[in-house]
1. To the nearest 10 degrees, how steeply does helix 181-197 sit against the main Cα axis of the chain, on a 0 to 90 scale?
2. So for the chain, Kirkwood radius off the Cα pairs, Stokes-Einstein at 4 °C and 1.567 mPa s: how many µm² s⁻¹?
3. Subtract the Cα-Cα distance of Leu68 and Arg217 from 0.36 nm times their separation in residues, and report this length gain in nm to one decimal.
4. Are there any trypsin sites (Lys or Arg not before Pro) in the stretch 162-221 that are in a DSSP loop and have at most 14 other Cβ atoms within 10 Å? List them by number.
5. Ile44 accessible area, nearest 10 Å², 1.4 Å probe?
6. Over the chain, what is the relative contact order in percent, taking alpha-carbon pairs closer than 8 angstrom and at least six residues apart?
7. Helix 201-216 versus the longest principal axis of the chain: what is the Cα-based angle in degrees, 0 to 90, to the nearest 10?
8. Assuming a viscosity of 1.002 mPa s and a temperature of 20 °C, what translational diffusion coefficient in µm² per second does Stokes-Einstein assign to the stretch 117-221, Rh being the Kirkwood radius over Cα pairs?
Amino acid sequence: MFDFEVPERDLPYNSVGPPPRSTLSGFVFAGVKRTFDLVVSCAILLPLALMCAAGLLLLNPFWNRGPLLYSQRRMGRDCRPFTAYKFRTMRPAPEIRRTADCPLEEERITPLGRFLRRARLDELPQIINVLKGEMSLIGPRPDYIGHARRFLSDVPGYQERHAVRPGISGWAQVELGYIEGVDATRNKVRADLHYIANAGFAMEARIVWRTLSVIARRGGA
């Protein structure tokens, strides 16, 4: 959800899986988290996404010519692929040729698309994925399936980060920002495993607060 660069740094997190959680506490947390996802998505984010879609249908022919939505296969919970949706911000291309180590194709971003990225509106269609149960509002960001398959073999702990639903925002995003390349992904994985190991209401609230703060100041994380 956040696409600006910050200096890469080493994170003081251990690359370990989540600690044992009692059946009752785990059930309560999972139930409340899923309820929060559905309530916020239906009451706030889905209406906002529909309003944005209506506006983009009018503006795209002038500043972002092409389809309204962009879909991409990404790696989800338990490493299963799913189709994630975004408002399109780049000129259409016949296929993805960018490798895991290639930088973002800035030259393909349209003027309106750049605004959508800065305003964090391009990720709103992923509410569809949240409602389908493929994503959560908070969790590790899902990677493009082609890149994710490489990370599985090259980045320790990458498979373990898929023990939970991926999210629209997450701890790695508010800590590190936009991540590119295999080396930077190692830091992202450490942050994601830290989130999973410390999953709970306090961690969720902290990420929500920091996400809203980033959006409010139109910065990035």
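1. That works out to roughly 50 degrees.
2. On the way: Rh = 17.9 Å.
Estimated via Stokes-Einstein, D reaches 72 µm²/s.
3. Working: separation 149, 0.36 × 149 = 53.64 nm, distance 2.65 nm.
Between Leu68 and Arg217, full extension yields an extra 51.0 nm.
4. On the way: sites: Arg186, Lys188, Arg190, Arg206, Arg210, Arg217, Arg218; in loops: Arg217, Arg218.
Sites meeting the loop and neighbour criteria: Arg217, Arg218.
5. The value for Ile44 is about 100 Å².
6. Values: 335 pairs, mean separation 68.6, N = 221.
Relative contact order comes out at 31 percent.
7. 20
8. On the way: Rh = 14.1 Å.
The calculation lands on 152 µm²/s.
The values are calculated or read from the model by the stated rules, or taken from the named source; none is laboratory data. This structure is a prediction, so every number in the text was calculated from the model and none was measured. Here the Cβ is made from the backbone with ideal geometry for all residues, glycine too, and neighbour counts use every protein chain on show. Accessible surface is based on the protein model in full, side chains and every heavy atom, while ligands, DNA and RNA are left aside. Shrake-Rupley method; radii C 1.70, N 1.55, O 1.52, S 1.80 Å.
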